[in-house]
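Engineer: Sharing a structure here in structure tokens format.
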Amino acid sequence: MPNTHAGQTDRVGHTPFVDLTPPGDPVAHRYGEPGGTGGTILPPTIELQLNHRSVRKFLTEPVSDAQIDLVITAAQSASQSSNLQVWSVVAVRDDDRKRRISAAIGRQSYVEDSSVFLVWVADFRRAANVAEAQGASAETLGYIENTLVTAVDSGIAAQNALLAAESLGLGGVFVGALRSNPAAIIQELGLPDYTFPLFGVALGYPDPSERAGIKPRLPRTAVLHQERYDPTAWLAAAEVYEDRLQEYFAEHGRDNYSWADTLTKRISTVDGLHGRDSIRGALEAQGFASE
Ligand SMILES: Cc1cc2nc3c(=O)[nH]c(=O)nc-3n(C[C@H](O)[C@H](O)[C@H](O)COP(=O)(O)O)c2cc1C
């Protein structure tokens, strides 16, 4: 259970400040290892990164415009492919608009309850405007390389944003469910051609009553390969992980959770894509063909 520090304020002067940091060793916590009891002194940035958890339940305390500005400046500080800066954010605060977005993607309470819902937009429209103002066309916008560039850069920037928000005592969750109904989002936000809604970030002050904690990750040996890819590395790691994640979910009120089953449901049939199997058409309609 996180601590609420009565009277403590975040850096932009807001209260309450809910500290989501669990006691103990942040590295052990990240992997759900038993018996981690401190000892690792980490730089504050890494500690913040290791203590990340998605927040889906929010207090009503609003996120200020100054906080949003700082979060977006942190996002813009991320590296950017060729410094193209091909993403934009639409900040949605209006309750009716949040409700309509939530309804369009299957009612996600965290969208409606967030103080601000940031919609991350792949944006080659601005680049096309600049090129067109130079008298040039924007021939390459339909190439999948450029679709990857805006998606990769958006993800990198948005993670900077979420981490910045967490450093301010806020919490949030990425919302890929936005891609279940891109047409509705495009219409709601008035997105022009060469733009596409990639995901949202719901932000607000964490409600300490939410039953969630630091969700363990795969053992590092599953993802870190030395010199060459080891195709056998997954097996032992997946076995250990299954137990640790099951324990995590049981602790947070969900019995019989299986990572392998969940992952298999997600990738084994088209149903697992939750309607996102038609995303190619939606991208093409916005000018992102797949050459
Ligand atoms: C691009 C992206 C999209 C996501 N979309 C959703 C979503 O639509 N709904 C949701 O509840 N969580 C979503 N998540 C959050 C993940 O479920 C979460 O990060 C993951 O389960 C790990 O949990 P943690 O963030 O608490 O460590 C998304 C995460 C990412 C990176």
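Engineer: Suppose every Lys and Arg Cβ carries +1 and every Asp and Glu Cβ carries -1, with no other charges. What dipole size does the chain come out with about its Cα centre, to the nearest 20 debye? Could you put the intermediate results ahead of the total?
Structural biologist: On the way: 25 positive and 36 negative charges, 54 e Å.
Roughly 260 debye for the chain.
Engineer: Could I ask something else about it? Using 0.36 nm per residue of separation minus the Cα-Cα distance, give me the extension gain between residue 268 and residue 228 in nm, one decimal. Display every interim value, and only then the final one.
Structural biologist: Values: separation 40, 0.36 × 40 = 14.40 nm, distance 2.74 nm.
In short, 11.7 nm is gained.
Engineer: Give, to the nearest whole percent, the P(r) tail of the chain beyond 32 angstrom, counting all Cα pairs.
Structural biologist: Result for the distance tail: 33 percent.
Engineer: Suppose every K and R has +1 on its Cβ and every D and E has -1 on its Cβ; what is the size of the dipole of the range 30-117 about the Cα centre, in Debye to the nearest 20? The partial results should precede the final answer.
Structural biologist: Numbers: 10 positive and 10 negative charges, 70 e Å.
Here the size comes out at about 340 debye.
Engineer: Something else: Please list, in order along the range 203-215, the HN-Hα scalar couplings obtained from phi with the Karplus expression 6.51 cos²θ - 1.76 cosθ + 1.60 (θ = phi - 60°), rounded to whole Hz, x for Gly and Pro.
Structural biologist: 10, x, 7, x, 7, x, 7, 5, 8, 7, x, 6, 7
Engineer: Please state the equivalent ellipsoid semi-axes for the range 24-90: what are the square roots of 5 times the Cα gyration tensor eigenvalues, largest first, in whole Å?
Structural biologist: Numbers: eigenvalues 186, 71, 25 Å².
Output for the range 24-90: semi-axes of 30, 19, 11 Å.
Engineer: Let me ask you something else. Residue 41 to residue 78: extension gain in nm, 0.36 nm per residue of separation minus the Cα-Cα distance?
Structural biologist: Gain in length upon complete extension: 10.7 nm.
Engineer: Given Cβ point charges of +1 (Lys, Arg) and -1 (Asp, Glu) and nothing else, what value in debye, to the nearest 20, does the dipole of the range 82-199 about its Cα centre take? Mind showing how you got there, number by number?
Structural biologist: Values: 9 positive and 13 negative charges, 52 e Å.
In total the dipole reaches around 260 debye.
Engineer: Nearest 10 degrees, 0 to 90: what angle lies between the long axis of helix 233-251 and the longest principal axis of the chain (Cα atoms)?
Structural biologist: Roughly 70 degrees, rounded to the nearest 10.
Engineer: At a Cα cut-off below 17 Å, give the aspartates and glutamates reachable from residue 265, other chains included and same-chain residues fewer than 8 away excluded.
Structural biologist: 242, 277
Engineer: Of 143, 195, 105, which is farthest towards the positive pole of the chain's charge dipole, taken about the Cα centre with +1 and -1 on the beta-carbons of Lys, Arg and Asp, Glu respectively?
Structural biologist: It is 105, whose Cα lies furthest towards the positive end.
Engineer: Arranged from highest to lowest average of other beta-carbon atoms within 10 Å per residue, in what order do the peptides 92-98, 118-124 appear? It would help to have the intermediate numbers written out before the result.
Structural biologist: Working: 92-98: 13.7, 118-124: 24.1.
Peptide ranking by packing, descending: 118-124, 92-98.
Engineer: Moving on. Which lysines does residue 57 reach when only Cα atoms under 25 Å apart count, and residues fewer than 8 places away in its own chain are ignored?
Structural biologist: 98, 215
Values in this text are rule-based calculations from the coordinates and carry no lab data. The shown structure was predicted, so the numbers you read here are calculated from the model rather than taken from an experiment. As a convention, Cβ positions derive from the backbone with ideal geometry for all residues, glycine included, and neighbour counts pool all protein chains shown.
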